[in-house]
Amino acid sequence: MRTTSRPRRATAPAAAALLCSALLLTACSSGGPQSAGSAGPGSAQVTLTVGDFGTFGYKEAGLYDEYMAAHPNITIKYETVQDGQKYWDALTTHLASGSGLSDIQAVEVGYIAQAAGTLGDKFTDLSKADGVKADAWLPWKSKQATTAKGALIGLGTDIGPMAVCYRKDLFEQAGLPSDREAVGRLWAGDWSKFVDAGKQYQSKAPAGTFFTDSASGLFNAALSAEAQQYSDASGKLVYRDSPGVKKAWDIAVSASQAKISAGLRQFQDNWNTAFTNAQFATVVCPSWMTGIISKYSGDSGKGKWDIAQAPVASNWGGAFLTVPKAGKHTAEAAALAAWLTAPEQQAKVFTKVGNLPSTTAGLQLPAVQGARLDYFGSTPTGQIFATTAGNIKPAPIGEQDGTVKTIITDNGILDIEQHGTDPAKAWQTVTKLIDDKVNG
Amino acid sequence: MASTLRAPAEDSPPPPDRPGPAAAAGRPAWRSRLHRLDLKASPYVFIAPFFLCFAVFGLFPLVWTGWLSLHRVDLLTPDVAEWRGFGNYTRLWATDQFWNALRNTVTIGVLSTVPQLLMALVLAHLLNYRLRGRGLLRVAVLAPYATSIAAATLVFVQLFNPDYGLVNWCLSGLGLAHTDWYADTWPSQIAIATIVTWRWTGYNALIYLAAMQAVPKDLYEAAALDGASRWQQFTRITVPSIRPTILFTVVVSTIGATQLFGEPLLFGGGVGVSGGSAHQFQTLGLYMYELGWPSRQLGRASAVAWTMLLLLLLIGAVRYLFARRHRLEPKG
């Protein structure tokens, strides 16, 4: 049975991560025989640890091995947590206690304002580190990781220009166009048209399939297109009266009520399985999502997915690499972070897992512009995402964005999807939970 | 127990007379003082390691948590505390999520403890017979207890998967409707209670078994001679004889149920900390964790911790009164 092999495969990386962390521990405690014998600071053996979440693609693109080959005195160990929220919760605790930190820690854009704000003192200023040119990134990207005092605490890894990934086979069966231009026209201009297209799909849907995976994903996508999101320009939390949040919420609710969503929680096991079983026809698709699709849709979905333009050009997600001050080798770590986020390396990551470069030079590289992801057949992936990247209008972010997003999607929209809760009541619950959490 | 009253002072060392008064006369007085000090202080020194450990790892966290619960403290800056008095507690009282967590803790506790102890009792009774391969069976019932919570829970998460899980597959074979074991309140609580029950039944069964083996055999023989059936023997002899043990397991299971944390956390996957999207299986332990870590409100989390402690003390007091009443009953 195909379905039962999935969870087992999913546990393999988890076991590997566990093993890695175990190795990490032993490596730390033993001190290493090499370091005892070596001489000057330049040649000293250094073990750098990298902590990240989801798929950053450094291992997949062979970048760690490449760096270690070029720097024989450096050994890189890494630890990856699948769930971004859990990763951040653990990271904040580690930052508070100053222990358990990796030399390099990734931070998601939803939390970068908090990292650059309240937690700003805990990170090394990277603007003057070896190999860092602060203007190499898209201006809004580095601005997000700059503290009030002007310190650059995070180097941009990727950005998430929005598109929509869809299954050509399911679209055809439901009587919708399957050509990417025509599909893009179905919903061009507004995310509410995406819901309309969903209703059209659902009326003739192949049995057991839904138009899209989750209303929460749709919420994130629709919100990303808005000029005002959770916070205003001064970073103050204004989600309650934000027109952007209201609109995205209404779109997500209408999708859930029209039953065009499979009601899954993204990045969770049964969501992964649903990819394999072709349970939904579309997934909102920031560039980094392509890596996830090829991973979980597997061989059976190869060549069946295509990518259409999103209704509105926008950005969802992306991340930064930071170097906590508590680390022992901050200089070496900063050099590695700078190398990993340099245009050439970003391009390699993109061609491997689909994380789009966040540097202006990286976006222009022919390797990116002309990239086609093997899994998506002839789709001009690089061109689609790079074009969108140029049209992104960044919205202001605030310290509580990540928290608010988690509550709205996990306790609000997911509750509506799973339990059919009245949207007005769900929104009330959401505001209560957010108030409770934000006003410590 | 009253029957094991210790004979007074018989075991204690004989009075110290070795350095005798005559011998001590010529010695400096400090020596005898030292000796007396040795006698008086040594026992305390010998037991000190335990109390030191208890003070560091038991008492200090308890007191510190109590202190934190009266303040507003951010997890990231635990050294900065703002006085709040009992504000954290009154706020708990007014928070729906707390009452929801308390309710869930009670329902999951009942759903897991009651079947668990009943099944353990029956299992112990069966194991108490002369069965073939008894030793092997006794080891087997303890196996779930030796399994890690994480491993067991991950397996159960797969079993209870609403779409592809074995449980729903079996139920649909019986013609029962599709059950969403993750999202719906009662099914998810039952699923979690099942994990707890699976894990602890064998452990309790072994405790019962040990107690049952201390019941005199002649009681059963006499009962059998009088024509009592096995069921009657069980309800009239076994259960009354091991009542103190049953009470003990009830207390231990109740404490365990109050602190339930790992199973719901892992069962919920990505929404584990909030106990499901609608907090449908968020226990007090999870609520405390959610406040303390993801929300970073250490003071409020501490208030939940102390509330849990007070609840346990309350349960303990009820148990004590209950036990005393039962002790008095046969006489009265």
Handout entry: All positions within region B:162-180 that are open to solvent by less than 70 Å² (accessible area, probe 1.4 Å), within 11 Å of another protein chain (Cβ to nearest Cβ) and under 18 Å from A:HIS419 (Cβ atoms)
Key = B:PRO162, B:ASP180
Practice task
Only residues in region B:124-153 that are open to solvent by 80 Å² or more (accessible area, probe 1.4 Å) count as the first member; pair them with residues that are not aliphatic (A, V, I, L, M), Cβ under 8 angstrom, at least 6 apart or cross-chain, and list the lot.
Solution key: B:TYR145/B:ARG199; B:TYR145/B:TRP200; B:TYR145/B:GLY202; B:TYR145/B:TYR203
Handout entry: Only one of B:LEU176, B:LEU209, B:LEU219, B:LEU154 that is assigned to a helix (DSSP H, G or I), at pLDDT below 95 and more than 17 Å from B:TYR129 (Cα to Cα)
Key = B:LEU154
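Residue under question is B:GLY58, and the condition is that it be within 14 Å of another protein chain (Cβ to nearest Cβ), surrounded by 11 or more Cβ atoms within 10 Å (Cβ to Cβ), of a type in the set (Gly, Ala, Ser) and free of Cβ contacts under 8 Å to residues at least 24 places away in the same chain; does it hold?
no
Take the conditions among the charged types (D, E, K, R), at the interface with chain B (Cβ under 8 Å from one of its Cβ atoms), crowded, with 21+ Cβ neighbours inside 10 Å and part of a helix (DSSP H, G or I) and apply them to A:ASP436. Does it pass? Explain how you work it out, then say what you get.
On the way: among the charged types (D, E, K, R): yes; at the interface with chain B (Cβ under 8 Å from one of its Cβ atoms): yes; crowded, with 21+ Cβ neighbours inside 10 Å: no; part of a helix (DSSP H, G or I): yes.
No; evaluated as a whole, the condition is false for this residue.
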Problem - From the options A:THR124, A:THR146, residue that is assigned by TED's automatic domain parsing to the domain that holds A:PRO324 and either out of contact with any Leu (no Cβ under 7 Å at 6 or more places or on another chain) or in contact (Cβ under 8 Å) with a residue 60 or more places away in the chain (or both) - result: A:THR124
Problem - Unique residue being at pLDDT below 95 and among the charged types (D, E, K, R) when the list is A:LYS247, A:LYS149 - result: A:LYS149
Practice task
State all residues of region B:200-219 that are open to solvent by 40 Å² or more (accessible area, probe 1.4 Å) and hydroxyl-bearing (Ser, Thr, Tyr); if no residue qualifies, say none.
Solution key: B:TYR203
Fill in the blank from the handout: With criteria (1) within 21 Å of the chain's Cα centre (by Cα); (2) on the phi > 0 side of the Ramachandran plot; (3) of a type outside the set (S, T, N, Q); (4) open to solvent by 30 Å² or more (accessible area, probe 1.4 Å), A:GLY62 comes up short on (4)
Practice task
Taking the residues in region B:250-279 that are within 14 Å of chain A (Cβ to nearest Cβ) and open to solvent by 30 Å² or more (accessible area, probe 1.4 Å) as candidates, determine which candidate is nearest to B:MET308 (Cα to Cα).
Solution key: B:LEU265
Practice task
All but one of (1) within 12 Å of chain A (Cβ to nearest Cβ); (2) under 21 Å from the mean Cα position of the chain (by Cα) hold for B:MET288, so report the exception by its number.
Solution key: (1)
Handout entry: Identity of the residue in region B:92-109, out of contact with any helix residue (DSSP H, G or I) (no Cβ under 8 Å at 6 or more places or on another chain) and open to solvent by 60 Å² or more (accessible area, probe 1.4 Å), that ends up nearest to B:PRO216 (Cα to Cα)
Key = B:VAL106
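Which of the following residues is in contact (Cβ under 8 Å) with a residue 40 or more places away in the chain, more than 14 Å from chain A (Cβ to nearest Cβ) and either acidic (Asp, Glu) or closer than 13 Å to B:ALA301 by Cα (or both): B:GLY66, B:GLY109?
Working: B:GLY109 fails: either acidic (Asp, Glu) or closer than 13 Å to B:ALA301 by Cα (or both).
So the residue among B:GLY66, B:GLY109 that is in contact (Cβ under 8 Å) with a residue 40 or more places away in the chain, more than 14 Å from chain A (Cβ to nearest Cβ) and either acidic (Asp, Glu) or closer than 13 Å to B:ALA301 by Cα (or both) is B:GLY66.
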Handout entry: Failed item, numbered, when B:ASP79 is tested on (1) surrounded by fewer than 11 Cβ atoms within 10 Å (Cβ to Cβ); (2) modelled with pLDDT of 90 or more; (3) within 14 Å of chain A (Cβ to nearest Cβ)
Key = (2)
Practice task
For region A:207-230, state whether one or more residues are surrounded by fewer than 17 Cβ atoms within 10 Å (Cβ to Cβ) and at positive phi.
Solution key: yes
Completion exercise
Here the residues within region A:378-402 that are surrounded by fewer than 21 Cβ atoms within 10 Å (Cβ to Cβ) and under 13 Å from A:LYS141 (Cα atoms) are A:GLY390, A:ILE392, A:LYS393, A:PRO394, A:PRO396
Exercise for the section: Report yes if B:LEU136 is in the same structural domain as B:LEU312 (by TED's automatic domain parsing), assigned to a helix (DSSP H, G or I) and not basic (Lys, Arg), otherwise no. Expected result: yes
Exercise for the section: Tell me which residues, restricted to region A:145-163, are in a loop (DSSP other than H, G, I, E, B) and either of a type in the set (S, T, N, Q) or more than 30 Å from A:ASP306 (Cβ to Cβ) (or both). Expected result: A:ALA145, A:THR147, A:ALA148, A:LYS149, A:GLY150, A:ALA151, A:ILE153
Practice task
Could you grab the pairs with beta carbons closer than 6 Å, sequence gap of 6+ or different chains, first residue in region A:192-204 and outside any helix (DSSP H, G or I), second one open to solvent by 50 Å² or more (accessible area, probe 1.4 Å)?
Solution key: A:LYS204/A:GLY175
Completion exercise
Conditions (1) open to solvent by less than 40 Å² (accessible area, probe 1.4 Å); (2) within 14 Å of chain A (Cβ to nearest Cβ); (3) not charged (D, E, K, R) -> B:LEU159 fails only (1)
Completion exercise
Reported set for region A:352-368 where residues are closer than 15 Å to A:GLY160 by Cα and more than 16 Å from the chain's Cα centre (by Cα) is A:THR359, A:THR360, A:GLY362, A:LEU363, A:VAL368
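Just for helices (runs of 4 or more DSSP H) wholly inside region A:61-144: which have at least 3 residues that are among the aliphatic types (A, V, I, L, M)? Steps first, answer last, please.
On the way: elements: A:63-70, A:84-97, A:109-116, A:139-144.
Ranges flagged: A:63-70, A:84-97, A:109-116.
Examine region B:229-247 for a residue that is of a type outside the set (Gly, Ala, Ser), within 14 Å of chain A (Cβ to nearest Cβ) and surrounded by fewer than 21 Cβ atoms within 10 Å (Cβ to Cβ), and state whether such a residue exists.
Let us first name the residues in region B:229-247 that are of a type outside the set (Gly, Ala, Ser), namely B:230-240, B:242-247.
So of that shortlist, the ones also within 14 Å of chain A (Cβ to nearest Cβ) come out as none.
So far as region B:229-247 goes, no, none of its residues is of a type outside the set (Gly, Ala, Ser), within 14 Å of chain A (Cβ to nearest Cβ) and surrounded by fewer than 21 Cβ atoms within 10 Å (Cβ to Cβ).
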Problem - Residues within region A:81-96 that are facing chain B (nearest Cβ under 9 Å) and of a type in the set (Ser, Thr, Tyr), tallied - result: 2
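Give the number of residues within region A:366-420 that are away from chain B (no Cβ under 14 Å) and assigned to a loop (DSSP other than H, G, I, E, B).
Taking region A:366-420 first, the residues away from chain B (no Cβ under 14 Å) are A:366-398, A:401.
The next check asks that each one be assigned to a loop (DSSP other than H, G, I, E, B); those that pass are A:370-373, A:377-380, A:391-398.
The total comes to 16.
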Completion exercise
Checked A:LEU119, A:LEU152 against criteria (within 30 Å of A:VAL323 (Cα to Cα), free of Cβ contacts under 8 Å to residues at least 40 places away in the same chain and within 14 Å of chain B (Cβ to nearest Cβ)); the one match is A:LEU119
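The values are calculated or read from the model by the stated rules, or taken from the named source; none is laboratory data. Just so it is clear, the structure is predicted and the values come from calculations on it, not from any experiment. We place every Cβ from the backbone using ideal geometry, glycine too, and count neighbours over all the protein chains shown. Note: accessible area is taken over every heavy atom of the protein model, side chains too, but ligands, DNA and RNA are not part of it. Shrake-Rupley method; radii C 1.70, N 1.55, O 1.52, S 1.80 Å.
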